[in-house]
Amino acid sequence: GEEDEEVIYSQRSKLFIFGETLLDKGTGKKTWRERGIGEARILRHKEHQRLRFLMRQEKTMKVIANHAIDPRITLETNAGSDRSWVWSAFDFAEGELVETVFALRFADTEIANTFKAEFQKGQKEMESLLAGEDKPGEDGGAAADEAAEALANLKTKDEGEE
């Protein structure tokens with residue numbers, strides 16, 4: 001769960017993922033699919049200070065995105081929209097690390113820009129955190145991979161699960 005984390009940022013938004021639908025499995029045909037609406041949150045762990053992006057589906061509280069705020073992630077503008085961002089990350093929402101392409105859409109440009117600023121601030125924080133644990137560059141990004149893996153081991157309990 002999130003008991004050991006503090007919310008750095010939270011904003012209602014709509015999440016999309018890019019990939020094959022069940023019908024298109026194996027065809028290589030990829031499309032944008034809505035994954036859900038909810039609070040897009042950046043959380044900091046109170047103990048080890050690591051940051052992650054977590055989003056739950058509004059009504060069911062099911063985890064729809066869960067990944068480390070990796071310094072290597074680049075938020076790209078979404079073609080034709082100034083209120084959404086596209087990025088790729090190793091997502092752990094389904095219980096295993098899967099490289100996922102996300103798009104997150106906000107109510108307006110201002111909110112989208114605030115999210116980007118907070119996300120990048122988090123990346124800088126994670127970068128210095130990881131640099132403290134390991135010299136950047138010398139390990140070819142292994143420290144960041146390790147962070148992603150450590151975050152993957154943070155289990156997210158669904159509501160009602162004990």
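The values are calculated or read from the model by the stated rules, or taken from the named source; none is laboratory data. Only a predicted model underlies this, so the values are computations on that prediction, with no experimental measurement involved. Ideal geometry is used to build each Cβ from the backbone, glycine not excepted, and the neighbour counts take in all protein chains shown. Surface areas here come from the heavy atoms of the whole protein model, side chains and all, with no ligands, DNA or RNA. Shrake-Rupley method; radii C 1.70, N 1.55, O 1.52, S 1.80 Å.
Among the listed pairs 30/62; 25/116; 59/124; 29/121; 62/116; 25/46, a Cα-Cα separation exceeding 30 Å is found for 25/116; 59/124; 29/121; 25/46.
Summed over the residues of the range 1-62 and divided among them, the accessible surface reaches 58 Å² per residue at a probe radius of 1.4 Å.
Ranked by the mean number of other Cβ atoms within 10 Å of their residues, highest first, the peptides 12-23, 98-109 come out as 98-109, 12-23. Ranking 70, 4 by solvent-accessible area of protein heavy atoms (1.4 Å probe, all protein chains present), from largest to smallest, gives 4, 70.
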